[in-house]
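My questions all concern the structure below.
The values are calculated or read from the model by the stated rules, or taken from the named source; none is laboratory data. Computed from a predicted structure; not experimentally measured. Neighbour counts run over all protein chains shown; Cβ positions are idealised from the backbone, glycine included.
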Amino acid sequence: MKKIVCVLRTLGSGGAQKALTFVANSLAEDKNMQVTLIALYKSEFSLTVSPNVQVITGDLKIDAYRDMSGWQRKTAQLKNLFWLRKQLKTVKPDLMCVFLADLVFFCTMAKLFMRIPLIASERGTPQKFSRFQEDLGVGIRLHIVGGFGQVPAGALVTGVGLDVQLAILHI
């Protein structure tokens with residue numbers, strides 16, 4: 001049985017959240033896949049998650065995080081990084097799927113030295129990306145494509161949610 005972890009910020013509404021939840025729900029229909037959805041922050045559930053998908057949610061509410069000052073946010077992010085790492089050690093996934101460039105970077109840090117392959121997809125309008133986001137995206141793509149031996153043979157790196165699903169199915 002393949003264990004797949006999908007990581008998102010919240011289970012609230014949003015394009016990346018909807019796409020990744022769709023991927024998780026679709027994968028969970030396969031009896032040979034155990035799918036876990038990890039939301040870093042608590043929020044109102046506005047998405048429908050299949051009963052076959054295990055959901056793990058962080059302790060901090062997204063509204064509380066948004067109200068924090070700069071240093072409080074950095075401390076909360078660091079705590080979340082270690083919390084996510086702990087979840088990954090518990091679940092022991094065969095693969096991690098993440099949408100959104102900043103979460104790709106965050107998850108890459110959380111899985112450091114764990115040898116968990118990562119399939120990533122950037123969501124958003126590239127014309128609206130800042131220079132930093134563009135540079136980060138290029139770095140992420142190079143890391144994923146180069147992968148230091150961590151990308152499974154035949155895996156696709158793409159920006160389309162359904163293709164990410166197909167990439168996971170063909171591992």
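Here is a yes/no grid of residues against (1) closer than 21 Å to S121 by Cβ; (2) among the hydrophobic types (A, V, I, L, M, F, W, C); (3) touching a strand residue (DSSP E or B) at 6+ places or on another chain (Cβ under 6 Å):
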{"position": "V7", "(1), (2), (3)": "yes, yes, yes"}
{"position": "A28", "(1), (2), (3)": "yes, yes, yes"}
{"position": "K31", "(1), (2), (3)": "no, no, no"}
{"position": "V55", "(1), (2), (3)": "yes, yes, yes"}
{"position": "Y65", "(1), (2), (3)": "no, no, no"}
{"position": "F82", "(1), (2), (3)": "no, yes, no"}
{"position": "K89", "(1), (2), (3)": "no, no, no"}
{"position": "F106", "(1), (2), (3)": "yes, yes, no"}
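Residue by residue, here is whether (1) over 18 Å from the mean Cα position of the chain (by Cα); (2) modelled with pLDDT of 90 or more holds:
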position: I38; (1), (2): no, yes
position: F45; (1), (2): no, no
position: T75; (1), (2): yes, no
position: F82; (1), (2): no, yes
position: Q87; (1), (2): no, yes
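Hand me the list of helices (runs of 4 or more DSSP H) wholly inside region 1-107 holding 3 or more residues that are crowded, with 20+ Cβ neighbours inside 10 Å.
15-28
Considering only residues that are among the charged types (D, E, K, R) and touching an Asp or Glu at 6+ places or on another chain (Cβ under 7 Å), look in region 1-32 and name the one that is nearest to K89 (Cα to Cα). Walk me through it before giving the result.
Filtering region 1-32 for residues among the charged types (D, E, K, R) gives 2-3, 9, 18, 29-31.
Next cut, touching an Asp or Glu at 6+ places or on another chain (Cβ under 7 Å) only: 2-3.
Numbers: K2: 15, K3: 12 Å.
Going through the qualifying residues, I end up with K3.
Out of (1) in contact with a strand residue (DSSP E or B) (Cβ under 7 Å, 6 or more places away or on another chain); (2) over 20 Å from L118 (Cβ atoms); (3) of a type in the set (F, W, Y), the odd one out for W71 is which?
The number of the failed condition is (1).
Considering only residues of region 50-82 that are of a type in the set (V, I, T) and touching a residue at least 24 places away in the same chain (Cβ under 8 Å), which is farthest from V35 (Cα to Cα)?
Among those that are of a type in the set (V, I, T) and touching a residue at least 24 places away in the same chain (Cβ under 8 Å), it is I62.
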